[in-house]
Amino acid sequence: MYSEDQFIQLSALQHYLFCPRQCALAYLELSWSENLFTAEGRIMHNRVHEGKFEKRGDLIQTRGLWISSARLGLSGQTDLIEFHRTDDQDNGTRLPGYKSRWKVYPVEFKRGKPKSDHSDEVQLCAQALCLEEMLETTIAEGAIFYGKNKRRHAVKFDEKLRSLTEQTALQIHQMFESGITPKAEFSKKCKSCSLYEICLPKRTGTRGAVKRYLNKIISESITSGGKKI
Ligand code: SF4
């Protein structure tokens, strides 16, 4: 169990999966820089959090809810949580002031389009794990709304995704405890990184360069019968 002062923000998981160095720069060294991508994302999130609570028939929607998990050491604010009334007595959660049970369905809003990695799904799954702990229920599914195609994409919280989410949270805690920011490795994704100017991956990216240098030395040694070493 983690104490509150050890909690990391839910959004850190997504940044860690994009690039561990970006996560460390933003949350460990607290240097957040805004580019076009993050600015548009922030405006969209602010709009989402404008409304707070709405009930329509068998659906309750609540926005901007603060959630946390002491087991995983996570906390943050949700975009949208839906509660769907259910007749299933074995599922769903109780809500204060209501007799029936409610199925919990988290929804996250993203500016762009679905990504090839699992970072958005992991962030949403982390929300589900927090809500399960807080509401003592099981959440099978949630959704990500992408601004680019204006559609909801359903996400099943299966064992594989739960395990990846828990592993990612653990790795971030270990990185924060070590206090060490990973070295830069320049790659294609650096072009869209909001911390490019702070990271300077071409100047600070020594790990990849050293690896390439060592590989070159080893391969030259092998082709020359090991005489160079
Ligand atoms: S510029 Fe590249 S290496 Fe540096 S933080 Fe961003 S993605 Fe990571």
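Filtered by the rule that a residue be part of a helix (DSSP H, G or I) and away from the ligand (no atom under 16 Å from the Cβ), the stretch 177-202 gives Glu177, Ser178. From the set of residues in the stretch 144-185 that are among the small types (Gly, Ala, Ser) and under 14 Å from the mean Cα position of the chain (by Cα), which is farthest from Leu10 (Cα to Cα)? That would be Ser163. Annotation: of all residues in the stretch 107-161 being polar (S, T, N, Q) and in a loop (DSSP other than H, G, I, E, B), the one that is surrounded by the most Cβ atoms within 10 Å (Cβ to Cβ) is Thr137. Could you say whether any residue in the stretch 163-174 is assigned to a loop (DSSP other than H, G, I, E, B) and aliphatic (A, V, I, L, M)? The answer is no, given that none of the residues of the stretch 163-174 is assigned to a loop (DSSP other than H, G, I, E, B) and aliphatic (A, V, I, L, M). Applying a threshold of 8 Å to beta carbon distances and a minimum spacing of six or more residues, or different chains, the list of pairs starting in the stretch 174-200 at a residue that is at positive phi and ending at one that is more than 9 Å from the ligand (Cβ to nearest atom) and in a helix (DSSP H, G or I) reads Gly179/Leu28. A search for C-beta distances below 7 Å between a residue of the stretch 53-80 that is within 13 Å of Pro106 (Cβ to Cβ) and any residue that is among the basic types (Lys, Arg) and part of a strand (DSSP E or B), counting only pairs 6+ apart in sequence or on different chains, returns Asp79/Arg63; Leu80/Arg63.
Read-outs throughout are calculated quantities, based only on the coordinates presented, and are distinct from any laboratory measurement. On a predicted model such as this, the values are computed, not experimentally measured, just so you know. Backbone-built Cβ (ideal geometry, glycine too); neighbour counts: all protein chains shown.
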